[in-house]
Amino acid sequence: MEVVICGGGIAGLTAALTFHGAGFKVRVFEAKENRQTTTSAIALAPSGVKILFDLGMGPAILEKSLPLRYLRMFNSQGDLLADVKTAGKEQYGNDSLAMTRRVLHNVLTSRVESMGIAVRYKAKVSLVEQSETRVKVFFEDGSSAEADILIGADGIHSKVRQSLFPELSVEKKDRGYSGCGVLAPLKLLSPEEQNELKLADGAFNTIKGPNGFVGFVGIGKPEDDGEPKFMFWTHIADELVDDDFDPKDLAIVKKVLLKLRAGWCRPIEKVIQMIDQSLPGVEVVCGPITSLWPIPAWSKSRVVLIGDAAHGYGPGGQGAALAMEDAQFLALLLKGKENQADQLSGVFQEFEKKRRVRVERIGDASEARNTSRLGEQGWMKSKIQEYAMMLMHWWYKNGYYNADYAYKVEDDM
């Protein structure tokens, strides 16, 4: 069968590779002129890492990422409340890996090019039409493409979804906060600060205070110059700023964070001062956080949605790994199936039924966690959270285990 994939991000490129490997004829169409990549860091869950190894990209991703082996939690004064060894590979078959989204996208892009899979850029979807035997997608430049199956992997603002379900009312949710992430050279922190946060040893660190949190993670050597880097991120609740607050004005963001996090432990003030795009080797991204969920339907006849086009949760929802799982699972379900509309419809229904269970469990929990970290919480609530972190440390002192990390796509076949 011929497959057209709309979207050249993580979901679309993984779909291209998995479907190509399953024997399908694949073409990819990406709306942007040259797929933009971001500075945001991701902790790719073991299920996503396994897929990269399955597709022959394991060594390439290991070169530019860092295994996550510790989960550490501090209070705002720098007291260590929990230090949990996650022992990923031994328990799940693969470690979680910390990396930039850009690294993951570039590794996928290189693999797609090496496989000879066609990717066309500047192909913005305008309309999708279907018949009993084929599906056709039209682009804004007047061109079109036809195939047996169309996969919409074009993100949270999916044009494929809008064309497929013009009557569908999907609520875009303002999550009530802005996010700020900074990618910076590790050398900007002192050796003592690096050691304290175990940034070179694979630690995922959260520092929690009465009005928010700051996270730190080392991400290895993502750039070609081989310079080790780390990522830090934080949220600013809307209720803590004036109505005219602009999360894209970095000077204002820095000023607000210095005020909100005043008196926090080192190196909080130092990293907040790094919110400056002019600093050598530093990249900053700030903006309001939104999500799009739940989406009532993921398929119609010969068209199916995957990744953020189907389930657009906010940060922390393992979005990259879930999108990659979607792609591999769909390819496995369709391999060997005949090109008949009724059979495809049954496959897509099975895909959605099984994937929703996992996606919504992880995504809904992430949304709840993000909301719980926001706003002024007062002394009592902050202390309760500190005790909860210490209890977590005691509970997992003999080994952290997350059943979701043990998941393999084959489990649902």
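The values are calculated or read from the model by the stated rules, or taken from the named source; none is laboratory data. Everything numeric here is computed off the predicted structure, so don't read it as measured data. Virtual Cβ from ideal backbone geometry, glycine too; neighbours counted across all protein chains shown.
Taken together, the criteria place VAL112 among residues that are at pLDDT 95 or above, surrounded by 13 or more Cβ atoms within 10 Å (Cβ to Cβ) and under 29 Å from GLY226 (Cβ atoms).
The residues listed here are VAL303, VAL284; of these, the one that is modelled with pLDDT of 90 or more, more than 20 Å from ASP174 (Cα to Cα) and surrounded by 21 or more Cβ atoms within 10 Å (Cβ to Cβ) is VAL303. Quick one: how many residues across segment 1-44 are assigned to a strand (DSSP E or B) and either over 24 Å from GLN130 (Cα atoms) or at pLDDT below 95 (or both)? Final tally of qualifying residues: 4. Filter segment 78-100 down to the residues that are crowded, with 20+ Cβ neighbours inside 10 Å and of a type in the set (D, E, K, R) and list them by number. ASP95 - this is the single residue of segment 78-100 that is crowded, with 20+ Cβ neighbours inside 10 Å and of a type in the set (D, E, K, R). Of the residues making up segment 211-234, those that are surrounded by fewer than 21 Cβ atoms within 10 Å (Cβ to Cβ), over 14 Å from CYS180 (Cβ atoms) and modelled with pLDDT of 90 or more number 3. For segment 306-329: of the residues being in contact with a strand residue (DSSP E or B) (Cβ under 7 Å, 6 or more places away or on another chain) and part of a helix (DSSP H, G or I), which is surrounded by the most Cβ atoms within 10 Å (Cβ to Cβ)? The selected residue is ALA309.
One residue stands out in segment 115-143 among those that are over 23 Å from the mean Cα position of the chain (by Cα) and of a type in the set (Phe, Trp, Tyr): the one that is surrounded by the most Cβ atoms within 10 Å (Cβ to Cβ), namely PHE139. Checking every residue in segment 235-254 against the condition of being crowded, with 16+ Cβ neighbours inside 10 Å, in a loop (DSSP other than H, G, I, E, B) and hydrophobic (A, V, I, L, M, F, W, C) gives at least one match. Within segment 262-277, residues that are surrounded by 13 or more Cβ atoms within 10 Å (Cβ to Cβ) reach partners that are among the charged types (D, E, K, R) and in a loop (DSSP other than H, G, I, E, B) with beta carbons closer than 6 Å, at six or more positions or on different chains, in the pairs ILE268/ARG261.
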